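For reference, the structure is listed below as structure tokens.
The values are calculated or read from the model by the stated rules, or taken from the named source; none is laboratory data. Source: prediction; values computed, not measured. Every residue, glycine among them, receives a Cβ derived from its backbone with ideal geometry; neighbour counts consider all protein chains shown.
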Amino acid sequence: MSDVLKTAGEEVQGESKIKEIIRREIGQVLALGSLVVLFAFFSIMRPVFYSWANVSNGILMSTTVTGLLAIGITFVIITGGIDLSIGTGTALCAIMVGKLVVAWHLNLAGGVIVGVVVGGLLGVVNGILITLLKLPPFIATLATMKAAQGLALIISQMRPIHFADGVKGWDQIAQGNLIPQIPNGVTILFVGATIASIILNRTVLGRYTFAIGSNSEATKLSGVKVDRWLIAIYALCGIYVGLAAVMLTSRLGSAQPDLGLGYELEAIAAVIIGGTSILGGKGSIRGTIIGALIMSVLINGLRILELQQEWQYVVVGIVIIFAVWSDNVRRRRAGDVS
Amino acid sequence: MATAQLLSLSGVSKEFPGVKALNNVHFDLNKGEVHALVGENGAGKSTLMKILSGIYKKDTGEITYQGNHVNVSSPIEAHHLGISIIHQELNLMPHLTVAENIFIGREDRKKVRPFLNKTMQNKAAAALLAELSLNLDPKTLVGDLTIAKQQMVEIAKAVSYRGEVIIMDEPTSSLTPAETESLFAIIRTLKAAGKGVVYISHRLEELEQISDRITVIRDGEYVKTLNTKETNIPEVISLMVGRTVDQDQRPDVRPMNSDVVLKVEGISTRNLLKDVSFELKRGEILGFAGLMGSGRTELARALIGADPKTDGKVFLKGQEVKIKSPSDAVEAGIGYLSEDRKRFGLLLIQNVTFNVILASIPGFTKFGFVKSGPAAGIARDAIAQLKIRTPSEKQLVKNLSGGNQQKVVIAKWLTRNCDILIFDEPTRGIDVGAKDEIYKLLTKLASEGKSIIMISSELPEVLRMSDRIAVMCEGRLTGIIDNKDADQPTIMQYATKYRD
Amino acid sequence: MKNKKLITAVVALATLGLVASTGTVARAADKTLKLELISKGETHQFWQAVKKGAVDQATKMNATVHFQGPASETMIDKQLEMLDAAIATAPDAIGYAALGTTESCSHLAAANKAGIPVYMFDTAAKCTGALGTSSTTALGVAYTNSLAAGALAADKMAALIGGKGKVLVVGHSQTNQTGIDRRDGFINEMKKKFPKVTLLPTQYSEGGDAQKAQDIVATAIVANKDLKGIYGTNEGVSIGAGQAFKAAKLNLGKIKLIGFDSGAQQIANIKSGLQSGAITQNPIGIGAKTVEALVNYVRNKTVPKTLIDTGFYYYDAKTITKPEIAADLYN
């Protein structure tokens, strides 16, 4: 009898399916709840907040770049790793895109491919440093973060690259409306999130992402070529960095060599608020998107209320603490963490 | 023997969400007594001791200590009262010296704050070690000591609190017989000084030697307290599991197929293994016996490519195979089940299905997409076949008991169709009752044609299960004995061949 | 930090000894002078223009310039390390653009102790005592009067919006002295001269992050339907504001935008009418005047002026091609 498990989990059996899902996804349900509460709060305080103009241009568009970065780094964080290079990597990709699009007169597709390839390569470099040289992810990506920053400055000769009028339709990547009323940037963010979610939940790569984050040693002993998969995962993160860079250049109409430092922390904050465990093994793209939206709604709302900027920072800090703390409390109650 | 009561717990209950961990448990301890606490894993031993040492709070019940009611609300308070606990996992800092470890958190800084008075501290530690007849230099780094010596440091640390009660949780699990003997000597010293020792152990043979009384708990309930002199191991076991278990079994003679499945030739590693060769037959259970550090786990890891070999060849059914990484081994159909399942075998925070398919995910995919239906189906089949006790295949593995976790690891390799299974301590941390099931499972697998290498430090287990027994010592294979010729003394002889 | 200061002092003393032993009289008139210029950054084109002015002037006067600055204008300690390192190489003179307006005082005093003349550019350090030959801080400063420049922007803005309506200031730093002066110059002038102009609470895009500026302006446009004007205190902010107008598909000129400095994108925006105009400083002049003052002082003992205002201009689509303005614009 002592061998039979007796845990909270056992009670799940008797419950209905919906209740089970809510229980399992409680972190996301809570995060979504907070998002709704925040949205309602700001809407009541200033109705202009929920106007479509603000929702699309003020909230959703401001989520696109950090949102794409956050999607990419979600994979890395689920493996139990970290990628600090995504911020300055965005700058490097943006500059490469700018250089090649302006110098080679690449078309839209060519520019996007350049961004994705450069980002992917940066990810491969991170992956190799982490697996072959066995550097801790924090150190490896701290190094590539610095290197990317330097390369962006060197390649750009420290000048922003203006996409001028020579690059037709570049601004349409983010600002156009393939779907009426919805800026393309927002469409791309959600399509990118959907694809990422499918990769994470349905594919071999996704399974191994969770497996490595849960226990990389056990995964390796189970015959999985952990090193190769890690390189692939960092490369995937890099591809999203490349997409974010394309988005950034399209939004700004230029590639700025010194832009991006600090974006990695905003992305990480979104991932954490979205309930992904910094220890690895747990997480979701849906949570990350909710986390990124919570950040945007909060900052946009505080701007709409014209709260002094200094206080905006403080409020964001408090929200991060609250989000992670409440998640911890919930997990401890559920007997999820010891 | 002094009979003055030092400590008593009565009617202690403790409930965790969904689990009644302890229900109305009694336990008492006299001065100068060693009182053993036994029970299967999950019976509540650790919970009881954690309550006593202030880590958990009890829901109900009373603790009387030296005649007073006390409420041990924190580990610090336990220390103040004079209750020390030595945990199963050592809590030492490898980069600090013996003296620093003993006095950590209590450094005497009164005189020359904020600097530590190392000389004084070393002197105090030396005096303490001498008192316990421990031959240790206080200035040695703990990381440079053997596990056994580290255990001694833990004991010295516990004694240094000058408490009256010392709780030892599985203190001998990583000690050799000789080391165990010196531990017992220390315990006798403590006894003579009038201390009370609570002794938790799975090695029931030890209790006869060291304990005065034995308290058995089962499923969080108090069962019985016995005088050691008036009982025997079978009685204790039957009280623990609630039925009788035969301790000294030998395997049924199975019709042995003579096909050699695996042939290992001259495996050596940089640090330990020297020229190890053996053969494994189809349907055979080949036991590997030896002392801690004799190189059995290292052999397994080198064989599957987890650690590099400096020399040696591996043949599978006559064909040489190059195994450079665990993925090569899995490809060749060799599955390794580590002694440390939580670290090397399982994804604890994932569910049963995920763990069962972990080694065979590509087999459950189409165009890179994982087919979740068949995966869950395989997991349900495994649950049924191996009798894994879990509410469903969606249960997280960390919520399963040790025995069921082990079955999940076995299911993982069966799903991968591995023909050769290397079990490293297959029943470590598994209850007496559940052990039996694992044994039956191993026998069944062998009779179905799987070949099994079973590394075990428990000689009765090796004797009970193995068709042949390979014995290792200091990185070398010292002998392979047929079961019918094997007994404990013979095995120990081979196991200590190169030892002084 | 303390250690750093100690090392600085030791290095400075050692340098002093070296200078004394080799003799300060080493005929400064003939040899090529070695100058160290520590700027606030290298990445913005503004600093590139300063560098160009300095290098060109140095070539004319038989001197060499080593020009460097930290990666971002928030890295005060990085810049101070560069300053310390420059002092340690015992150059003939140092030019310094103060990021840490008070933090740099002890470092500058060390240079003074080592006998290295310092002239500041762009932004002066705020230390005790007046500037000049007897100062332990610096001989003087070649700078843009940012308060006055901000005030000029306010005058132009008021003219564009007819002296009334809502205006938003988007700053690029809450701590950088230039950023503060450009903001305060604008706000004070508006309050004093144009009471009918309503100033919304100032928002900041730290470090001049164009994307953040874009998000700030996008929000402001939605929240204030009657917004008349935006003033951005640097190039990045101006670019972001322009992009926000584009994204919101505003009619050209519906909201007036006055920015700072130049750069290809900002110039294009001004030409197209997306942006009304901008204030440009004279970065080439700042570099040149700094070098000129230092070389003349070391070589000829000519005491430079303690304040050299290198000037600034407002330019828009019409005046952008004027020679005196075009010379200060960069792409």
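So the values come out like this:
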{"read-out": "In the stretch A:150-173, the residues that are at the interface with chain C (Cβ under 8 Å from one of its Cβ atoms) and at pLDDT 85 or above", "value": "A:153, A:160, A:162, A:171"}
{"read-out": "Long-range neighbours under 8 Å by Cβ, at least six apart or interchain, first residue more than 8 Å from chain B (Cβ to nearest Cβ) within the stretch A:197-208, second of a type in the set (D, E, K, R)", "value": "A:197/A:286"}
{"read-out": "So residue B:480, is it in contact (Cβ under 8 Å) with a residue 60 or more places away in the chain and within 14 Å of another protein chain (Cβ to nearest Cβ)", "value": "no"}
{"read-out": "Condition check for residue A:191: at pLDDT 95 or above and within 12 Å of another protein chain (Cβ to nearest Cβ)", "value": "no"}
{"read-out": "Contacts under 6 angstrom Cβ, first residue in the stretch C:303-331 being over 16 Å from residue C:284 (Cβ atoms), partner among the aromatic types (Phe, Trp, Tyr), 6 or more apart", "value": "C:304/C:297"}
{"read-out": "Within the stretch A:252-286, considering residues that are surrounded by fewer than 22 Cβ atoms within 10 Å (Cβ to Cβ) and in a helix (DSSP H, G or I), the one nearest to the other protein chains (Cβ to nearest Cβ)", "value": "A:266"}
{"read-out": "Hey, residue B:1 among the hydrophobic types (A, V, I, L, M, F, W, C), buried (at least 19 other Cβ atoms within 10 Å of the Cβ) and either at pLDDT 85 or above or farther than 30 Å from residue B:435 by Cα (or both) or not", "value": "no"}
{"read-out": "Residue under evaluation residue B:32, criteria (1) at pLDDT 90 or above; (2) within 14 Å of another protein chain (Cβ to nearest Cβ), criterion not met", "value": "(2)"}
{"read-out": "Residue match in the stretch A:231-251 (condition: part of a loop (DSSP other than H, G, I, E, B), at pLDDT 90 or above and more than 9 Å from every other protein chain (Cβ to nearest Cβ))", "value": "no"}
{"read-out": "Qualifying helices (runs of 4 or more DSSP H) (wholly inside the stretch C:75-175; at least 3 residues being at pLDDT 90 or above and farther than 25 Å from residue C:231 by Cα)", "value": "C:76-88, C:105-113"}
{"read-out": "Residue, nearest to residue A:138 (Cα to Cα), within the stretch A:48-104, restricted to residues that are surrounded by fewer than 24 Cβ atoms within 10 Å (Cβ to Cβ) and of a type in the set (Gly, Ala, Ser)", "value": "A:80"}
{"read-out": "Pair list, Cβ < 9 Å and 6+ apart or interchain, from the stretch A:52-72 residues that are facing chain C (nearest Cβ under 10 Å) and within 16 Å of residue C:243 (Cα to Cα) to residues that are among the aromatic types (Phe, Trp, Tyr) and buried (at least 24 other Cβ atoms within 10 Å of the Cβ)", "value": "A:58/A:49; A:59/A:49; A:65/A:263"}
{"read-out": "Selection status of residue B:15, touching an Asp or Glu at 6+ places or on another chain (Cβ under 6 Å) and touching a residue at least 12 places away in the same chain (Cβ under 8 Å)", "value": "yes"}
{"read-out": "Members of the stretch B:174-209 found to be touching a strand residue (DSSP E or B) at 6+ places or on another chain (Cβ under 7 Å) and part of a loop (DSSP other than H, G, I, E, B), listed by number", "value": "B:195, B:201"}
{"read-out": "Qualifying residue in the stretch A:255-269 (condition: in contact with a Phe, Trp or Tyr (Cβ under 9 Å, 6 or more places away or on another chain) and within 29 Å of residue C:168 (Cα to Cα))", "value": "yes"}
{"read-out": "Boolean, residue B:268 is buried (at least 22 other Cβ atoms within 10 Å of the Cβ), hydroxyl-bearing (Ser, Thr, Tyr) and away from every other protein chain (no Cβ under 14 Å)", "value": "no"}
{"read-out": "Failed criterion for residue C:250 (all others in (1) hydrophobic (A, V, I, L, M, F, W, C); (2) farther than 22 Å from residue A:62 by Cα; (3) part of a loop (DSSP other than H, G, I, E, B) hold)", "value": "(2)"}
{"read-out": "Within the stretch B:393-433, considering residues that are without any contact (Cβ under 8 Å) to a residue 40 or more places away in the chain and in a helix (DSSP H, G or I), the one farthest from residue B:336 (Cα to Cα)", "value": "B:399"}
{"read-out": "Single match in C:212, C:191 (criterion: of a type in the set (D, E, K, R), away from every other protein chain (no Cβ under 11 Å) and part of a helix (DSSP H, G or I))", "value": "C:191"}
{"read-out": "Filtered residues of the stretch A:143-193 (kept if β-branched (Val, Ile, Thr) and either farther than 20 Å from residue A:116 by Cα or free of Cβ contacts under 8 Å to residues at least 40 places away in the same chain (or both))", "value": "A:154, A:179, A:182, A:187, A:191"}
{"read-out": "Subset tally (residues that are closer than 22 Å to residue B:424 by Cα and either within 7 Å of another protein chain (Cβ to nearest Cβ) or part of a loop (DSSP other than H, G, I, E, B) (or both)) for the stretch B:355-388", "value": "5"}
{"read-out": "Tally of residues being assigned to a helix (DSSP H, G or I) and surrounded by 24 or more Cβ atoms within 10 Å (Cβ to Cβ) across the stretch B:460-475", "value": "2"}
{"read-out": "Residue match in the stretch C:179-198 (condition: in contact with an Asp or Glu (Cβ under 6 Å, 6 or more places away or on another chain) and either outside the structural domain of residue C:123 (by TED's automatic domain parsing) or more than 25 Å from residue A:161 (Cβ to Cβ) (or both))", "value": "no"}
{"read-out": "Pair list, Cβ under 8 Å, 6 or more apart: the stretch C:217-241 residue of a type in the set (Phe, Trp, Tyr) and surrounded by 21 or more Cβ atoms within 10 Å (Cβ to Cβ), other residue part of a helix (DSSP H, G or I) and at pLDDT 95 or above", "value": "C:231/C:153; C:231/C:154; C:231/C:157; C:231/C:186"}
